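Worksheet: one structure, shown below.
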Amino acid sequence: MLDAHLAVTADFDPADLVDRALEVHAPLNQDPPGLLGFLLSTPGVTRSPGVAEAINDRIVVLLRRGAPDLSDDRRTVAAGMIMNITNGLYALGRPAGAAVRAEVRHALLSYITTLV
C-alpha cells in the first residue's frame, strides 16, 4: 500500500511526492510525541534499528527512480539529508502544526529539486 502511495513514475513531480510523503507522516504525529517521532528521536528509548534504516532505504529507491543520474553514494547521503529535514516535523512541533509542515515541505522541495 505504501509503495503504491509513494510510487515514482516517469512523470515524477517532486512536489506531489513530498505532499504524499507528508500525508503519510501526518497521522503518525497526531498526538505528542507521535509514533514516528517516538521511534526515531526519543532519547534513551531502545528502538528497532530497522525502522530508520528501512525509511532510508525507501528514500534511496525513490531517488534512484527520480534522479537516476546521481551516484549511489550521493543518493545515500541525500536520503539521510531528506530524513533529517523530515525529522523537523517532530523536533519543531508537538504535534507538528500547519506552519511546521509548510516549512518542512518548503525545505524538502528546495533540497529535492536540486537533485532531480
| said: Counting each pair of different Cα atoms once, what's the Kirkwood radius of segment 65-105 in Å, rounded to one decimal? | reply: 11.4 Å
| query | How much length, in nm to one decimal, is gained on full extension between Thr9 and Leu109, taken as 0.36 nm per residue of separation minus their Cα-Cα distance? | reply | 34.3 nm
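Since every read-out is calculated from the coordinates, none of them should be taken as a lab result. On a predicted model such as this, the values are computed, not experimentally measured, just so you know.
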